[in-house]
1. Quick test for you: out of Val147, Val87, pick the one residue that is in contact with a strand residue (DSSP E or B) (Cβ under 6 Å, 6 or more places away or on another chain), buried (at least 16 other Cβ atoms within 10 Å of the Cβ), modelled with pLDDT under 90 and assigned by the TED database to the domain that holds Leu57.
2. Out of all the residues in region 292-313, which are open to solvent by 20 Å² or more (accessible area, probe 1.4 Å), farther than 20 Å from Phe260 by Cβ and of a type in the set (D, E, K, R)?
3. What are the residues in region 488-533 that are open to solvent by 70 Å² or more (accessible area, probe 1.4 Å) and either touching a Phe, Trp or Tyr at 6+ places or on another chain (Cβ under 7 Å) or β-branched (Val, Ile, Thr) (or both), if any?
4. For residues that are polar (S, T, N, Q), at pLDDT 90 or above and assigned to a loop (DSSP other than H, G, I, E, B), tally how many sit in region 152-178.
5. Test Arg106 against the criterion of being open to solvent by 60 Å² or more (accessible area, probe 1.4 Å) and assigned to a strand (DSSP E or B), and give yes or no.
6. For region 30-44, what are the residues that are open to solvent by 10 Å² or more (accessible area, probe 1.4 Å) and either modelled with pLDDT of 90 or more or in a loop (DSSP other than H, G, I, E, B) (or both)?
7. Here's a check for you: in region 373-394, which residue that is more than 21 Å from Arg483 (Cα to Cα) and surrounded by fewer than 17 Cβ atoms within 10 Å (Cβ to Cβ) is modelled with the lowest pLDDT?
8. What helices (runs of 4 or more DSSP H) completely inside region 179-298 contain at least 3 residues that are within 25 Å of the chain's Cα centre (by Cα)?
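The values are calculated or read from the model by the stated rules, or taken from the named source; none is laboratory data. Every value quoted in this text rests on a predicted model; they were computed, and no experiment measured them. Cβ coordinates were reconstructed from backbone atoms using ideal geometry, including for glycine residues, and neighbour counts include every protein chain displayed. When the accessible area is computed, the model is the full protein with side chains, heavy atoms only, and any ligands, DNA or RNA have been set aside. Shrake-Rupley method; radii C 1.70, N 1.55, O 1.52, S 1.80 Å.
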Amino acid sequence: MEQQTPKSNLVLILDFGSQYTHLITRRIRKLSIFSLCISGTSPLKSIKELNPRVIILSGGPHSVHSDGAPSFPDGFIEYVESNNVFVLGICYGLQLIVQKLGGEVRVGEKQEYGRMEIVVEKEDCGLFGLKKVGDRQCVWMSHGDEVVNLPNGFSVVARSQQGSVAGIENPIRRFYGLQYHPEVTHSPEGMETLQHFLFNVCGITADWNMEDVLEEEIKVIKELVGSEDHVICALSGGVDSTVAATLVHKAIGDRLHCIFVDNGLLRFKEQERVMGTFEKDLHLPITCVDATEQFLSKLKGVIDPETKRKIIGKEFICIFDEFAQDLEKKLGKKPIFLVQGTLYPDVIESCPPPGSGKSHSHTIKSHHNVGGLPKDMKLKLIEPLKLLFKDEVRELGKILNVPVGFLKRHPFPGPGLAVRVLGDVTQGNALEILRQVDEIFIQSIKDAGLYDSIWQAFAVFLPIRSVGVQGDQRTHSHVVALRAVTSQDGMTADWYYFEHKFLDDVARKICNSVRGVNRVVQDITSKPPSTIEWE
């Protein structure tokens, strides 16, 4: 096989279905190393085209013994060895290496889940650096199978407190493996292990930064968009679409035409506030379209969350097509591109990992700008942020001089309040009640100085009524839920712990100010097992 020199410092993660896979990507990027995640069953051609320096095989819920268990493609072993690519298997990835290279994996007599100590068994190894034999560290285990026989040339470098293989390596063939998850915070020394492996063993250089991302994206956009082509950008008022628009505007100037659609599913006075920011601070060319009736008429009677998202995605595209036709009349040339602020978490959650054959992953939900787009869409997509996480987008926004106050805005879903009113969004005055409740909640958070400490906060309208007493009279009114979470990228989240007095004050304000609400509850579920949004 023809030998190639790695084109970059890319660390490629092959995803075999672990809930932690995205964390590997995040942790490596925090080291200023560019990392990408694709399906573990992607064809070898896809891997070759990316030409990585390091490949990490993720964990996964499967057993290597199961029928149809996911595996890397045929020719993978020969490719990585011929091209001097380093391979690190994590959990299932380790077991896959052992099985494919001639070792043996069996169902473990003692399964290992949760926190556990491991003991280093070999000094000067590629995984544990300067650790000495006998050194211990706490790690996060999650496996039922275990390695019982290693392939030729491999050695055990660490074992669990139960004696199971916890770390292996074959430096000559450049294969390494960890039976635990170094990427999670429950493995306190996991980042140190990854850092040593990538820098000291693999020779990776920390040369990835947002300035380079900006430069590369501008170059890509200029190459994609012809010198006379015009582009439409769908501005939602959120951080993602705003940074995407500012980036494209920097690349092609006034050939960008922004559109803000009021779909009737926005927050309290959102149109007024957002349009003011766009015109006053960002100076983006923008047209506002009020399509409230168009959206709500199509959503009438719809209860299923996925159906809501599909309908909203389709209506957005219809409006963008109409906008493009109007522009054609003015410009004499029809725009052929649509800019959207799709992020990496959108891509991950909306479908199996990029390049997947859909064999071992499950769609969590369709995002309006990913899974909700119609197949017959006339406009071609430009998604300059689709490989970035939210915090990276905010960093990019700072470089582009987007106002800091705007960058700190909490995320708002593309389908808007449609996924925060459970059930039919057009029933009664659910939307108006939710807007008022949400405004009181968010303003209270700001008044308490808590807004910047929270990733996302919002209210949810529940499809139930409860009995209450208001003004000495029995009421049978609506119930609303409050949700606030902390997170780094939206892929995982913990619920925010408010002081009791704050919650008491907010609940009183809501029940006293919003007619039709007599009960307030708080959502204290983390992600996973829940998602941040309710639908």
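1. Working: Val87 fails: modelled with pLDDT under 90.
Every option except Val147 fails the conditions.
2. Lys300, Asp304, Glu306, Lys310 - these are the residues of region 292-313 that are open to solvent by 20 Å² or more (accessible area, probe 1.4 Å), farther than 20 Å from Phe260 by Cβ and of a type in the set (D, E, K, R).
3. Correct list: Ile524 only.
4. Quick first cut of region 152-178, residues polar (S, T, N, Q) only: 152, 155, 160-162, 164, 170.
Then drop every residue that is not at pLDDT 90 or above, which leaves 152, 155, 170.
In the following step, the residues that additionally are assigned to a loop (DSSP other than H, G, I, E, B) were identified as 152.
The total comes to 1.
5. On the way: open to solvent by 60 Å² or more (accessible area, probe 1.4 Å): yes; assigned to a strand (DSSP E or B): yes.
Against the criterion (open to solvent by 60 Å² or more (accessible area, probe 1.4 Å) and assigned to a strand (DSSP E or B)), Arg106 qualifies.
6. Leu31, Ser32, Phe34, Thr41, Pro43, Leu44
7. Step one: of region 373-394, the residues more than 21 Å from Arg483 (Cα to Cα) are 373-389, 392-394.
Remaining after also requiring surrounded by fewer than 17 Cβ atoms within 10 Å (Cβ to Cβ): 374-378, 380-381.
Details: Pro374: 51, Lys375: 59, Asp376: 59, Met377: 63, Lys378: 72, Lys380: 87, Leu381: 88.
So the residue we want is Pro374.
8. Values: elements: 190-195, 210-224, 239-252, 270-277.
Those helices (runs of 4 or more DSSP H) span 190-195, 210-224, 239-252.
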